[in-house]
Amino acid sequence: MTADPFETVGDARPPRQTMAEGAVILRGFARPFEAELIPALRAIVKQSPFRHLITPGGHRMSVAMTNCGRLGWVSDPTGYRYDGIDPESGAPWPPMPPVLCRLASDAAGEAGFSGFAPEACLINRYVPGAKLSLHQDKDELDFGAPIVSVSLGLPATFLFGGLKRSDTPRRYRLEHGDVVVWGGASRLVYHGVAPLADGEHGVLGRQRINLTFRKVR
Ligand code: MD3
Ligand code: FE
């Protein structure tokens with residue numbers, strides 16, 4: 001008997017990949033949390049639905065957003081800020097479900113940042129064509145804490161630049177269940193997401209959801 005050359009033997013992607021100092025991809029790290037995670041997200045979105053924010057420059061973002069946790073990131077014509085109140089509902093953001101907190105803190109610990117306790121979870125929804133232009137995340141006061149990001153649904157091309165906007169970004173494919181931890185020297189790099197390619201995901205359908213966990217203060 002000869003071996004079947006097309007047989008799948010596990011995942012060809014290494015479980016752990018360092019993009020730069022302080023930036024590590026943990027492939028499939030969120031998969032064991034999925035069964036609890038997805039219903040928790042559905043409940044959040046019922047309370048604080050996705051909406052398209054307006055940038056201070058007056059543009060409507062193609063990515064739709066919501067938040068959970070004590071603080072949420074918002075943008076409006078007056079600027080960017082973290083706010084404890086959802087401006088659409090006038091009520092606090094939905095609390096961060098324990099499964100989200102556990103996932104974020106376990107992933108941060110795996111990347112060498114123990115004791116990560118996020119105050120905010122920004123939830124981004126991409127439909128085919130939606131994108132996020134190159135930007136830095138600098139509305140937080142504590143750059144010593146990492147940011148943990150979780151990708152769900154359709155795969156995306158993540159753009160990883162440098163400390164200057166003009167640095168040519170490298171491209172990484174992020175798939176359902178992949179988690180990235182950004183800290184240390186990589187915390188202030190320019191990054192973005194290329195326009196989402198069309199497709200259909202078995203669990204989430206025609207969309208990509210990204211969670212970013214942040215310590216703000
Ligand atoms: C690198 N989100 O919400 S996650 C964002 O896929 C954001 O929705 C993207 O950029 C998304 O701000 C990318 C990966 C990510 C998140 C935060 C970072 C990379 C980062 C902060 C600093 C450096
Ligand atoms: Fe960002």
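The values are calculated or read from the model by the stated rules, or taken from the named source; none is laboratory data. Worth saying up front: this structure is predicted, and the values here are computed from it rather than measured. Note that we place each Cβ from the backbone using ideal geometry, even for glycine, and neighbour counts take in every protein chain shown. Heads up: the accessible areas ignore ligands, DNA and RNA and are worked out on the full protein's heavy atoms, side chains in. Shrake-Rupley method; radii C 1.70, N 1.55, O 1.52, S 1.80 Å.
A few comments on the model shown:
- The modelled label-to-label distance between Thr157 and Arg31, using points 7 Å beyond Cα along the C-beta direction, is 2.5 nm.
- Anisotropy class of region 1-79 from Cα gyration tensor, a/c 1.5 cut: prolate
- Pairwise FRET efficiency - Ala20 versus Glu200, Cβ, R0 = 30 Å, nearest 0.05: 0.40
- Region 134-213, relative contact order [Cα under 8 Å, separation at least 6], %: 44
- Gained length - Leu188 relative to Arg173, 0.36 nm times residue gap less alpha-carbon distance: 3.4 nm
- Counting charges near Leu159 (Lys, Arg +1; Asp, Glu -1) among other residues having Cβ under 10 Å from its Cβ returns a value of +3.
- Cα shape, region 17-214, gyration tensor, a/c 1.5 rule: rounded
- Amide H contacts of Asn67 (H built 1.01 Å from N, under 5 Å, at least 5 apart or other chain): Ile123
- Placing +1 on the Cβ of every Lys and Arg and -1 on the Cβ of every Asp and Glu, with nothing else charged, gives region 17-214 a dipole about its Cα centre of roughly 420 debye.
- The H on the amide N of Ser62, modeled in the peptide plane, is under 5 Å from the matching H of Lys131, each at least 5 residues off or on a different chain.
- With all protein chains modelled, accessible area of Cys121 [1.4 Å, Å²]: 0
- Per residue, the chain exposes 50 Å² of accessible surface when a 1.4 Å probe is rolled over the protein heavy atoms with every protein chain present.
- Computed over neighbours whose Cβ is under 14 Å from that of Val24, the net charge equals 0, Lys and Arg +1, Asp and Glu -1.
- Value of relative contact order over the chain, rounded to a whole percent, pairs C-alpha under 8 Å and six or more apart: 24
- Solvent-accessible area of the chain (1.4 angstrom probe, protein heavy atoms only): carbon and sulfur portion equals 55 percent.
- Loop-located trypsin sites (Lys or Arg not before Pro) in region 75-157 (DSSP state other than H, G, I, E, B) with a sparse environment of at most 16 neighbouring Cβ atoms within 10 Å: Lys131, Lys138.
- With θ taken as phi - 60° and the Karplus curve 6.51 cos²θ - 1.76 cosθ + 1.60 applied, the whole-hertz 3J(HN,Hα) list for region 180-194 is 10, 10, 10, x, x, 5, 9, 4, 10, 6, 6, 8, x, 10, 5 Hz, x standing for glycine and proline.
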